[in-house]
Amino acid sequence: MTRFKLAALLALTAVPLQAKPRAPRPGADELLLKTLAGPATGYAAVERVQVFRSGRKPKALKVNVVGLPGGRRRLEVPGKKKTPALVQVRDASQYEAPALGLARLHSIYELAVSTGGVVAKRKTWKISLRLKTGALRRALWVDRDSGLLMKRETYRPDGTLARRERIVKLELPAAIDPASLQTPPVAGPWMPEGFVFTGESGGARHYSNGLESYELARVGGKFAVSGDLAEDDAARVLESAVK
Amino acid sequence: MNENEDARLAKAAMKSLLVCAPESLTADLKRLARNRKPSHSIWDGLREALAGGAWAYGAGAAFAAAAIGIFILRAVPEREAATGVVQRPARIAAAPQALQDLWSDDDGEDNDEI
């Protein structure tokens, strides 16, 4: 063996030895529990929400988000003037334990974890949520370190993208003043983030975020939800309405 | 001679009388018979049908149920005390303008903030 060949062989064997070991892929349950519980530190983020309507131009809005350990979040949609156009304070722990949320997702979807790439400079895991029929309904990108939900996409039954929520700028950890999240809880059933109660007619309560809407009605003594909600959100609305 | 024979003879005599009678008398007799026939109104018909047997009861009940069903479906609108007939809510309720104004046109790109 020549000296050159020996050097080449040593170089080739050195590459895998120097490479970082791959992070073991976590289980979907472990990852989702971490996500539903929220990060262990405060954080501040800018989130972009995009809605893709078939045959029309996409629409988007920007949301300033701050969060505290335990699941409390404050969402603020900036207005055209200095005052915010919409402020919502959400306390995830007020509604349900992470295990309940996970059980709901399991009852509706098949879960699978894969490598998710980088979102807002954070490495992520991707969780695919498929209906029992096999149709991809949602995909979540979760921060590998903190468990924070970095990005979420929702798909229509035909597979086209309906909605994307993505953190585009993140400060984690961040010092958050708990006083900025002091707001009395909103009465009534749980609502997905960004939705507000817009009125009641014909025995149905209407909710909207300006582009997407849903209604909660009581039909034959039972609650029913219809509108632009994914199955897990609709199930959560129903469960909270029954309570 | 019994009663049956009397009736048969009377009928035969009547027939021969009708044959021999002038046409005007025949027409008068027919008109007289028609006038003496009891009138047959729709209510009498209904009563007779209902009294006719079990199948008539069933048919009558089915007719009544169908009539009531059609009446309820078509004639009773959904009402609200103050405002009268209420439109059934559309699947997507119209969002208030202030909420719609939060959204702006987007390029649909999937990237971070620069």
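The values are calculated or read from the model by the stated rules, or taken from the named source; none is laboratory data. Remember, predicted model here, so these are calculated numbers, not experimental data. Using ideal geometry, Cβ is built from the backbone for each residue, glycine included, and neighbour counts are taken over all protein chains shown.
When A:G202 is tested against (1) within 11 Å of another protein chain (Cβ to nearest Cβ); (2) buried (at least 16 other Cβ atoms within 10 Å of the Cβ), exactly one condition is not met: (2).
Filtered by the rule that a residue be within 7 Å of chain A (Cβ to nearest Cβ), at pLDDT below 70 and surrounded by 12 or more Cβ atoms within 10 Å (Cβ to Cβ), segment B:55-114 gives B:V86, B:P89, B:I92, B:A93, B:A95.
Within segment A:148-155, is there a residue that is surrounded by fewer than 17 Cβ atoms within 10 Å (Cβ to Cβ) and either more than 8 Å from chain B (Cβ to nearest Cβ) or out of contact with any helix residue (DSSP H, G or I) (no Cβ under 7 Å at 6 or more places or on another chain) (or both)? No; the residues of segment A:148-155 include none that is surrounded by fewer than 17 Cβ atoms within 10 Å (Cβ to Cβ) and either more than 8 Å from chain B (Cβ to nearest Cβ) or out of contact with any helix residue (DSSP H, G or I) (no Cβ under 7 Å at 6 or more places or on another chain) (or both).
Against the list (1) closer than 28 Å to A:A85 by Cβ; (2) among the β-branched types (V, I, T); (3) not assigned by TED's automatic domain parsing to the domain that holds A:R74, the condition A:V219 fails is (1). Of the residues making up segment A:46-55, at least one is among the hydroxyl-bearing types (S, T, Y) and surrounded by fewer than 20 Cβ atoms within 10 Å (Cβ to Cβ). All told, A:L102 meets the bar of being within 30 Å of A:F197 (Cβ to Cβ), modelled with pLDDT of 95 or more and surrounded by 16 or more Cβ atoms within 10 Å (Cβ to Cβ). Kindly establish whether A:L131 is under 19 Å from the mean Cα position of the chain (by Cα) and touching a residue at least 40 places away in the same chain (Cβ under 8 Å). The answer is yes for A:L131.
So that you can scan it fast, the table gives a plain yes or no per residue for (1) crowded, with 21+ Cβ neighbours inside 10 Å; (2) over 20 Å from A:V237 (Cα atoms):
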site: A:L111; (1), (2): no, yes
site: A:V142; (1), (2): yes, yes
site: A:V168; (1), (2): no, yes
site: A:A175; (1), (2): no, yes
site: A:A187; (1), (2): no, no
site: A:W190; (1), (2): no, no
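Tallying residues that are assigned to a loop (DSSP other than H, G, I, E, B), more than 19 Å from A:E153 (Cα to Cα) and within 24 Å of the chain's Cα centre (by Cα) within segment A:190-235 yields 1.
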